[in-house]
Amino acid sequence: MGDHAWNKEINMFGRDTQLVDCREAMGLGRGGGIAQRGTLSEAARPDVVAIAMTPGRRHITKPVCEITYGLRREGIQVSVLVLEAGAGVPMDEVGTTTASRGYGASFGLTAKEIEQIARHKLVLIHMGNVNSHIVLKTKKILKYVNIPAVIACEYPIDFEDFAKAGVKTKYVKPKNPETEGTVVAIVSGITRGETCSRGNLNELVKEIRQLLGEKVEETHAVRSDLLIKEGLMASEDVTESE
């Protein structure tokens, strides 16, 4: 082999192996197939973190698994975070009056989950077919961390819907921004519990590839003051982390 060959770029052929630090708790069901709540399967390179809601009868993680598999096949490193309290809506958004009792379970985040999200370049949030749930959950997730977000859902929601609720978006600016993070892409028509179509998967890959090709921060700032104010973090924890 001549000296000139050493200056050439070395390319990988065939399959590209990815390392994933498996979730910290045993899965649910026979064979542990469904991820347990409050767990993170972390990729070696923190490109994207896909958020799945708490598993249960109405919160099936099937589309999330298919989406992450499809993204990994395209060479995108994806971590998967299953929220501890992903069902329902944030009660601090709808209130705790008798009129809000029909909303059921209360959606929420922990300081640990927020920190895990902030370690990635962008966040992929998977939700269902209730527009108010999509908006309020996204608002809660992006409230504490300045990170770009891609929304995957069934309901045909748009950027104006988020902006009206105070969520920052790439194309529509809210009058009174109430989030640190920004919705930068939306892919709708993905039904929870059903197989994700090739067209929707290709659209997600295209959006995420384009975003990762831009100058995206490796990690993102977390509003520790808000976490302390809302009782999600003790002030001592901030001192220790610093």
Amide H contacts under 5 Å for Lys168, restricted to residues at least 5 apart in sequence or on another chain and with H modeled in the peptide plane, are Glu178, Thr179, Val183
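Could you list, in their original order, any pairs among Lys62/Lys229; Lys175/Lys215; Lys206/Lys229; Lys62/Lys175; Lys140/Lys173; Lys62/Lys215 whose Cα atoms are separated by more than 29 Å? Don't skip to the end; give the middle numbers.
Details: Lys62/Lys229 36 Å; Lys175/Lys215 26 Å; Lys206/Lys229 38 Å; Lys62/Lys175 36 Å; Lys140/Lys173 18 Å; Lys62/Lys215 31 Å.
From Lys62/Lys229; Lys175/Lys215; Lys206/Lys229; Lys62/Lys175; Lys140/Lys173; Lys62/Lys215, over 29 Å: Lys62/Lys229; Lys206/Lys229; Lys62/Lys175; Lys62/Lys215.
We did not get these values from a lab; they are worked out from the coordinates using the rules stated. Just so you know, these numbers come straight off a predicted model, no measurement behind them.
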